[in-house]
1. Which semi-axis lengths, in whole Å and largest first, follow from the square roots of five times the eigenvalues of the Cα gyration tensor of the chain?
2. Roughly how many whole Å is it from the C-alpha centroid of the stretch 255-297 to that of the stretch 331-379?
3. Between the alpha-carbon centers of the stretch 164-179 and the stretch 30-85, tell me the distance in whole angstrom.
4. Give the percent of DSSP beta bridges with both residues in the chain that are antiparallel, rounded to the nearest 5.
5. For the chain, what does -39500 (n - 2.57) per DSSP helix run (n ≥ 4), summed and divided by total residues, give at 222 nm, in deg cm²/dmol to the nearest 500?
6. Mind checking the angle between helix 102-112 and the chain's longest principal axis? C-alpha axes, 0 to 90 degrees, to the nearest 10.
7. Show me the three semi-axes of the equivalent ellipsoid for the stretch 51-158, from the C-alpha gyration tensor (sqrt of 5 times each eigenvalue), largest first, rounded to whole Å.
8. Looking at the stretch 27-116, which GluC sites (Glu not before Pro) are DSSP coil and have at most 10 other C-beta atoms within 10 Å of their C-beta?
Amino acid sequence: MRNPFSGVKFGLRGSGPITVEDYRKLARRKLPGMVWAYVDEGAESLTTLRANRDAFSRWALKTRVLHGSVVESMATTVAGADLDLPVFLSPTGLTAITHWTGELAAAQAAERAGTRAVISTAASYSVEEIAAGTSQSHLFQLYPSAEPTGAQRDLTMTILKRAAAAGFTGMFVTVDAPTVGNREGERHQGMIANPRFTPRQILSAARRPAWSADFLFRRRVSSPMLVEDGGSAVEAVQNQGQLLRPDLAWADLRRIRDAWDGPLYVKGILHPDDAEQAVACGADGIVVSNHGGRQLDHAIASLDALPAVVDRVGDRVPVLLDGGIRRGTDVVKALCLGATAVGIGRPYIYGLAARGSAGVQHVLEILRDEIARVMLFMGVSDVSQLNRSMLLPAGQAQFEAAPDALVPEAVGALR
Ligand code: FNR
């Protein structure tokens, strides 16, 4: 295993970013309000967005001392890809709006860090461009489209064929977007299908000349997977309409399963019954996710949903998680609760917006350092050893025997 403490370091005098939150602050300064709202906001009152973070604080880690074991492996496998790090890049659409190098730079950074990126249907780079610019096989994320009517072509099958031809083998099918979440922050900022440029937006962009120059001259604002060669951004937006499927059903998943030979994971599952159905439809893995709090506000936090899904299907298929991961401790807690790996969405975008590909790599290296340190404090040499017995509900006393045995008789009598 590579030295976990040998991450890329920025800032000779320790003044550079050293946490994901540092990258968040840097990214915020780089991006106009409209783009920042797209990245960092969520649905409605942001309850689920916040719940994703809060859920991690409800668990404490058990530390062990003098165990003599060093960190040996963080390796895991996701959809057929072997990773050195149990963290991958979750799919995000239109990523080049934050930094023109977009998903390609992110996938290259993931490779350098020993992991992989999941490339969205709505990515700003096509699967062909990603394949040409990387040396590993990355994963593809599909938004299923509506069944074609009349002379319409079958967008889902066209996209799947392109992904397979470009060498993608692992796929995530995202099922939690029957319609777009009510992201009021984005709407207030005019980040909608046909963006509105108010004087406030123009001023916000003008104050970020580097971003504005890239936006105007690099012209990376479309979703090339949604158009035939040479298709326009307008065509992409029109086709995107076909992706929001209010009538999406299990039969659609079966149709996609039949059309895809490689490992297929279903992303956006929170209920154990849905996990069961997905496995019955042939899913090879489940991604517990609420889309980073961008779809149904007041949906359960990803981490809170994880144990029941693991209990239901974890003996048959791997269960992954994304949503709210910002620290190595978060990764370790999710793995203790049964995830085999976790995805990061916003954290990698913060790195990308702040410092391009090097920023994404640094975010991954920060997480690697943090995970390694946590494992050492816990006496765990391999991530595969992490399990539920290593966690305790935060704020709750630890008992050697069952708590009841310790209750004084007088208290017991009051019961
Ligand atoms: C997303 N997400 C997402 N998911 C997906 O399946 N396809 C997509 O195109 C997108 N697009 C997207 C854009 C942006 C800007 C964000 C922030 C997120 C959801 C993403 O894959 C993941 O589930 C969440 O981002 C995980 O939460 P964190 O890590 O951002 O807290």
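Just so it is clear, none of the values below were taken in a lab; they were calculated from the coordinates. Just so we're clear, the structure is a prediction, and the values are computed from it rather than from any experiment. We place every Cβ from the backbone using ideal geometry, glycine too, and count neighbours over all the protein chains shown.
1. Working: eigenvalues 254, 132, 94 Å².
Semi-axes, largest first: 36, 26, 22 Å.
2. 23 Å
3. 22 Å
4. Details: 6 of 29 bridges.
Expressed as a percentage, antiparallel bridges in the chain total about 20.
5. Working: 17 runs with 174 residues, N = 415.
Helix contribution divided over all residues of the chain: -12500 deg cm²/dmol.
6. 40 degrees
7. Values: eigenvalues 244, 69, 40 Å².
Its equivalent ellipsoid spans semi-axes of 35, 19, 14 Å.
8. Details: sites: GLU41, GLU44, GLU72, GLU103, GLU111; in loops: GLU41, GLU44, GLU72.
Loop-located and lightly packed - none at all.
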